[in-house]
Every structure is written in C-alpha cells, then in structure tokens.
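Asks: Could you have a look at this structure, given as structure tokens, before my questions?
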Amino acid sequence: MTREIQEIRMSNDELPEGWQSCSLGDVVDYGKSQKAEPSEISAKSWILELEDIEKDTSRLLSRVTFAERKSKSTKNRFETGDVLYGKLRPYLNKILIADQPGYCTTEIIPLRGNVTLENRYLFYWLKHPAFLDYVTAVSHGLNMPRLGTEAGKAAPFILAPLAEQKRIADKLEAVLGRVDACRARLDRVPALLKRFRQSVLAAATSGGLTEEIDDPDQWESHQFGNMFLTARTGLDRRSAAQGDDRAHPYLKMNNMTSDGRMLLNGVTRVDASEEEAEKYSLEDGDFLFNTRNSVELVGKTCVFKSKGLEEPFLFNNNILRVRFKPDALPDYVNMWFCSPKGRDELEKLKSATTSVAAIYQSRLNELQLSLPPRHIQQEIVRRVEDLFAFADRIEAHLGVAQKTVDRLSPSVLAKAFRGELVPQDPADEPASSLLVRLRSQPLAKPAKAKRTKRK
C-alpha cells in the first residue's frame, strides 16, 4: 500500500469513542452479486446502465425497461434499498440507492446493508472525499479505469455505531438536500441570463429599448447587400510553423462565439506575402460573418476590435469581412444578427448537408434589416452594452457561488464521518461489537434470481 493511500485512512485514535476504522470488505461483500441472463429478465423489469446516473449528484436521469433497452448482456440483480456503486471510472461518483428491484450492468456493484450497516450511511461514505481519493489511486485500466474486487474490499471504511449511522444519514439527507436545492437554483441562472440577453437584443432591434427617444418612422428597411462598401472572404492558408516570426495572427471561425463576441484565445499564425497581408488584413470595426461551419454554428458574427493588439490580423476564408457605409454601425448590425429575429432569418438561409452548413453571400445580400438613424444605433449599442455588463457581473457572482456550493458537499461529508455532524450517544452499541457480531454470521447474500417468463 502506497503512502498516499495509507494517509487516506483514519486511525482509531482520530475517531469518536465507539467508532471503528476498517475496510469496506469487513462490512459488505464487495464484488459478489447474483447474475441474470437476458432470458431470465421480464420485459417490464428495470434495466440500469451507468449512463442513467448523473455523476456526483446521484440523480436518476432515466428509468428504462428491458423491453425498451433490448439488452443482450449478463446483468447484476439488485433489490430495493441496495446501494448501487459504479465501479467503472469511479471518479465520476455514480452511486444510487435502488428504490425498486431491477437489473444493472456488471459495471455496477449492488451492495447491501446488514446488522452493522445502514444502507444510506454506506451510500454517503462511498461519496466521501477520502473514498474517492482511494478509488482514483487504485483503479486499474488506462482508458476504462475501474475499481477491482480486491481493491474494493481493501478500501477504507469508517464504521460508526448503527444508531448513530441512522442519525448521520438523516442529517446528511436534510443538509445535502438543501445543498442540492441551492445548486439546482443556481443551475437555472445561466438559462435565465441567456433569456435576458435575448430579450434585450429583441427590444434593442425592434425599437423597444429606446422608444422614449426614438421615432419608429425613422427606421428604414435595408437590404444587407446595399449596406456595405466592400465584402470579401479571407485567406485560405494552413497554420505556419510554430515560432515563425514572419507569420501573421490569423482569425478563424473558432475565434468567434455564437453570441457575437471575438475570442483571441488560441489564435494561430499563417505565412502571407506582403500583398496578401494588405489584402486580407482586418481593421478596427470590421464586421465578420462565419459563412461555413457546423449546422448549429454557421452564421456566427462579431466585430473586430484592434484595441490592445500590437500587429495586424488576417482572417480565414470561411469568414466574410464586411465594411459598411456610414449609416450602418457594425456593433448594431452585429446585435441584430445575434437577436432572435436575426437568428430566425439566418436559419432560413442555411444550405446544409448532414454535418456542414453554409450561408452563401448571394443569399445573405438579400436579407432585409431594419435600421434606425445612426445616432439611435449608437444609443442602442451603449444601452445594450450596459445591460450585458450587468449580466456579466451576475455571471461572475454565479461562478463564485457555484464553486462555494460545490465545496459544501465534500465539507459536510468530511464533517459527518469525523463524528461532528450529530452528537454521540454513549448508550449506542460500539462499532467494535457490531464487527464481532457480523463475523459470527455470514454477510448478506444477494437474493437468488427468480426465473420469469418474458412478456
């Protein structure tokens, strides 16, 4: 046993009175299960696969019957109350307590409580940071690591008195339930912020955001092809050799986001002649349109911003560079394309195969956009940027809150298994006596599979 694994285990001196440090194999028969062949399983039986369990949260994502899954492999049988432990990629922390009988993949190990063990207490221990550290350290298999039988039996386990196990499990259910509820509320915020931004863009591009200073009669419909001075696609060039000082930074479609922003992370460089560099260079305020991409991402837009950039950028041939006439503000046009109206109009222009889509310039040029006077466009851009900055601040606070919540569960579990979550009762039967009692009788056996006729 490595020193790191030894450090995961707690000595009895560190534990509360009446608790016992032992191995998982001392309290459950890890790795033993009752097998069932497909011919023995009824059509209505629950068939559980690892993909049905959400990692970390232990939420059941879907419940599928044998008839629906049409599985042809041997399964492990489980009963109501069994703790179902996913031994494949155990760092994913896929664990569930069965609320009804069923059958599961052999990558899930059914574990059953007994005279020493409350099943919910076992469930929570398997999610403990110390246990996760252990299984991560000892899992074997490079691409598909799994917790083997012997390593599972040797895993650390902290045994509390049985009555205290139940008190701990009750308390953890209550506390972690509140943590999960808080996490669920936070998880809804990104969708709310997305809807907020879309609502802002919808109002901005329809006049609703500036109606107190705007006259709708001044808005005019323009054909996109009549709005620009020049438009051209970029340079088709492979990336240059790394470290080539002659190479130019090269903006590609992955440097554009689906919500209208420009990203400079991971910008590649390409070789280009002096003539090419002049022809395909980008200027501050250039409007960029992604003409070819996946079906979901084609039509991304952004406005090139040169502030803070020390050298000229070139752009890829899957990007259309547009320089507008004075009456069209690039930032406003970008907002229009990112708005619900703009996305709907672009959807009509796609020419798609199975995985690749294109929006041809000839069709894009026919698109009709409604433009207010330039000074109104400027005010719209200013207000949208202020509202988006507000949303960005909420998003930043959300990230901090989510990290805090993510730390709560491990912290609460660590406290619980140090004996700090509920008070001890000196009258409880000590864990050492439970182990003696358990050794005097066999561990709980998996139930024998009942042969059933498939219906």
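The values are calculated or read from the model by the stated rules, or taken from the named source; none is laboratory data. Note that this is a predicted model, so its numbers are computed, not measured. Ideal geometry is used to build each Cβ from the backbone, glycine not excepted, and the neighbour counts take in all protein chains shown. Ligands, DNA and RNA are excluded from the accessible area calculation, which covers all protein heavy atoms including side chains. Shrake-Rupley method; radii C 1.70, N 1.55, O 1.52, S 1.80 Å.
Asks: Mean projection of the alpha-carbon convex hull of the chain over all orientations, in nm²?
Replies: In nm², the orientation-averaged hull projection of the chain is 30.8.
Asks: Using a simple charge model, +1 on the beta-carbon of Lys and Arg, -1 on the beta-carbon of Asp and Glu, nothing else, what dipole does the chain show about its Cα centre, in debye to the nearest 20?
Replies: 2560 debye
Asks: I've got another one for you. Let's test the formula: R0 of 60 Å, r as the Cβ-Cβ distance of residue 23 and residue 294. What FRET efficiency results, to the nearest 0.05?
Replies: Efficiency, rounded to the nearest 0.05: 0.75.
Asks: Right, something else. Projecting each Cα onto the charge dipole of the chain (Lys/Arg +1, Asp/Glu -1 at the beta carbon, about the Cα centre), which of 61, 297, 41 comes out farthest on the positive side?
Replies: Value: 41.
Asks: Set Lys and Arg Cβ to +1 and Asp and Glu Cβ to -1, take the dipole of region 314-455 about its Cα centre, and tell me which of 422, 408, 364 lies farthest positive.
Replies: Checking the options against the dipole of region 314-455, the answer is 422.
Asks: Here's something else I'd like to know. Suppose R0 equals 45 Å. What FRET efficiency, 1/(1 + (r/R0)^6) with r the Cβ-Cβ distance, do residue 107 and residue 415 give to the nearest 0.05?
Replies: The calculated FRET efficiency here is 0.90.
Asks: Could you give the dipole magnitude of region 167-300 about its Cα centre, charging the beta-carbon of Lys and Arg +1 and that of Asp and Glu -1, in debye to the nearest 20?
Replies: About 1160 debye.
Asks: Give me the percent of accessible area attributable to carbon and sulfur for the chain, probe 1.4 angstrom.
Replies: Percent of accessible area from carbon and sulfur atoms in the chain: 50.
Asks: Report the longest stretch of the chain that contains none of the GluC sites (Glu not before Pro) sitting in a DSSP loop with at most 15 other Cβ atoms within 10 Å.
Replies: Longest gap between qualifying sites, sites excluded: 80-210.
Asks: Be a star and scan region 382-421 for residues whose amide nitrogen sits under 18 Å from the point 7 Å along the Cα-to-Cβ vector of residue 435.
Replies: 417-419
Asks: Separation between the residue 275 and residue 62 pseudo-spin-labels, each 7 Å from Cα along Cα→Cβ, expressed in nm?
Replies: Computed distance between label sites residue 275 and residue 62 equals 5.7 nm.
Asks: Is there a quick way to get the dipole size of region 1-155? I mean about its Cα centre, with the Cβ of Lys and Arg at +1 and of Asp and Glu at -1; what is the value in debye to the nearest 20?
Replies: 660 debye
Asks: Hey, can you grab everything whose amide H is under 5 Å from the amide H of residue 45? Only 5+ residues off in sequence or another chain; H modelled, so Pro and N-termini drop out.
Replies: 66, 67
Asks: Where Lys and Arg each count +1 and Asp and Glu each count -1, what net charge lies around residue 381 among other residues with Cβ under 11 Å from its Cβ?
Replies: Result for the neighbourhood of residue 381: -1.
Asks: A further question on this structure: Give me the percent relative contact order of the chain, please, defined on Cα pairs under 8 angstrom at least 6 residues apart.
Replies: 21 percent
Asks: So what are the ³J(HN,Hα) numbers for region 298-314, from phi and the Karplus equation (6.51, -1.76, 1.60; θ = phi - 60°), rounded to whole Hz, Gly and Pro as x?
Replies: These are the phi-based 3J(HN,Hα) values: 4, x, 5, 9, 6, 10, 6, 10, 8, 4, x, 8, 8, 9, x, 9, 9 Hz.
Asks: Which length gain, in nm to one decimal place, applies between residue 311 and residue 171 when the Cα-Cα distance is subtracted from 0.36 nm times their residue separation?
Replies: The residue 311-residue 171 span can extend by a further 44.4 nm.
Asks: Can I ask one more? Could you give the distance between the Cα centres of region 309-337 and region 210-226, to the whole Å?
Replies: Going from one Cα centre to the other spans 21 Å.
Asks: Can you tell me the length gained on complete extension of the stretch residue 70 to residue 366, counting 0.36 nm per residue apart and subtracting the Cα distance?
Replies: Net length gain for the segment: 101.5 nm.
Asks: FRET efficiency for residue 257 and residue 179, Cβ-Cβ distance as r, R0 = 41 Å, nearest 0.05?
Replies: The value I calculate is 0.80.
Asks: With a 1.4 Å probe and every protein chain left in place, work out the accessible area per residue of the chain in Å², rounded to a whole number.
Replies: Per-residue value: 52 Å².
Asks: Please turn the phi angles of region 316-328 into ³J(HN,Hα) values with the Karplus equation 6.51 cos²θ - 1.76 cosθ + 1.60 (θ = phi - 60°), one per residue in order, whole Hz, x for glycine and proline.
Replies: 6, 6, 8, 10, 9, 9, 10, 10, 8, 5, x, 7, 10
Asks: Let me ask another. With θ set to phi - 60° and the Karplus curve 6.51 cos²θ - 1.76 cosθ + 1.60, what are the ³J(HN,Hα) couplings of region 330-337 in order, to the nearest whole Hz, using x for Gly and Pro?
Replies: x, 5, 5, 4, 4, 5, 4, 5
Asks: Need one number: nm distance between label points at residue 99 and residue 385, each 7 Å from Cα along Cα→Cβ, rounded to one decimal.
Replies: The answer from the label model is 5.1 nm.
Asks: In whole angstrom, note down how far apart the Cα centers of region 30-89 and region 95-123 are.
Replies: 11 Å
Asks: Could you state the angle between the C-alpha long axis of helix 129-138 and the longest principal axis of the C-alpha atoms of the chain, as a value from 0 to 90 degrees rounded to the nearest 10?
Replies: The answer is roughly 90 degrees.
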